[in-house]
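Here is the structure we will look at, set down as structure tokens.
The values are calculated or read from the model by the stated rules, or taken from the named source; none is laboratory data. Source: prediction; values computed, not measured. Reconstructed Cβ throughout: ideal geometry from the backbone, glycine too, with neighbour counts over all protein chains shown. Side chains are part of the model used for accessible areas, which takes the heavy atoms of the whole protein and leaves out ligands, DNA and RNA. Shrake-Rupley method; radii C 1.70, N 1.55, O 1.52, S 1.80 Å.
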Amino acid sequence: MYTLYWDRGGANMATHALLEELGVDYQLVEIDLALQMQKTPEYLAINPNGKVPTLLHNDNIVYESAAILIYLLDQHPESNLAPVTTSPQRGRYYQSLLWMSNTLQEAANRWAHPEQYCDNQAGQDSLKAKASQVLEHCWKVIEKDLDKAGPWILGDTLSGADFHLFMIAYWSRRYESRAQDFPKLQQLLRNLLTRSSIQAMLKQEDLSFDL
């Protein structure tokens, strides 16, 4: 049994959808950020960063979305959603997840929450403008890769990296630079939206993604 600590703001979409895709037993424990539940001593004892998502499995605690995806798929190699460790594609799989986490997602966070990085309005405006430029660059990098060897991040094979991308692309629907405005990216998102796991996650989180 997996336990996913989550909030309804969309920060948990990748993990939640992957749990559905794997067809494993799991439960959701809501951490309402609006009520500051992430700052309670009980939750900080689980995740000292006070963020979601956090996964609990057999007394193992894992946080950070990319790390959770890697952990989950290592528990379920039969899913074929991650290349085997000896595959040349394993490097690209790691690269994609870490690049999206450290570069793409960081730019998304700076656009959405500039107040976390700067106190004054002028600085926040500058952060958002720069974040939009980085996001635009990142979408173009992914679009070029998909055009060369799509339809998925790893080519012909769906992987956990595509679920991680879906989450950040969903956030970007309200950004100045949106993933859905790039044809190959939009097609990847449309393909994911046909999966029952994605639909189940969206329904449970009361979310929608119109392309």
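Quick look at the values:
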read-out	value
Helices (runs of 4 or more DSSP H) lying entirely in region 145-211 (those with 2 or more residues that are at pLDDT 95 or above, among the polar types (S, T, N, Q) and surrounded by fewer than 22 Cβ atoms within 10 Å (Cβ to Cβ))	183-193, 196-204
Residue list for region 1-30, restricted to those being free of Cβ contacts under 8 Å to residues at least 60 places away in the same chain, closer than 20 Å to Gln116 by Cα and open to solvent by less than 30 Å² (accessible area, probe 1.4 Å)	Asp7
Sole exception among (1) more than 16 Å from the chain's Cα centre (by Cα); (2) open to solvent by 80 Å² or more (accessible area, probe 1.4 Å) for Glu64, by number	(1)
Neighbours by Cβ (under 8 Å, 6+ apart or cross-chain): first from region 116-139, touching a residue at least 12 places away in the same chain (Cβ under 8 Å); second of a type in the set (Val, Ile, Thr) and part of a helix (DSSP H, G or I)	Val134/Thr103; Cys138/Thr103
Only one of Leu165, Leu207, Leu185, Leu158 that is of a type in the set (A, V, I, L, M, F, W, C) and free of Cβ contacts under 8 Å to residues at least 60 places away in the same chain	Leu185
Some residue of region 91-110 being touching a Lys or Arg at 6+ places or on another chain (Cβ under 9 Å) and touching a residue at least 40 places away in the same chain (Cβ under 8 Å)	no
Count - residues of region 194-211 that are more than 17 Å from Ala11 (Cβ to Cβ) and more than 15 Å from the chain's Cα centre (by Cα)	8
Failed condition for Thr85, given (1) at pLDDT 95 or above; (2) more than 14 Å from Asn12 (Cβ to Cβ); (3) polar (S, T, N, Q)	(1)
Tally of residues being open to solvent by 70 Å² or more (accessible area, probe 1.4 Å) and among the basic types (Lys, Arg) across region 104-131	2
Region 114-131, residues that are more than 18 Å from the chain's Cα centre (by Cα), assigned to a helix (DSSP H, G or I) and closer than 30 Å to Ile153 by Cβ	Pro114, Gln116, Leu127, Lys128, Ala129, Lys130
Any hit, region 86-99, residues being in contact with an Asp or Glu (Cβ under 9 Å, 6 or more places away or on another chain) and either in a loop (DSSP other than H, G, I, E, B) or open to solvent by 40 Å² or more (accessible area, probe 1.4 Å) (or both)	no
Test: residue in region 46-56 that is farther than 26 Å from Leu146 by Cα, touching a residue at least 40 places away in the same chain (Cβ under 8 Å) and touching a helix residue (DSSP H, G or I) at 6+ places or on another chain (Cβ under 6 Å)	yes
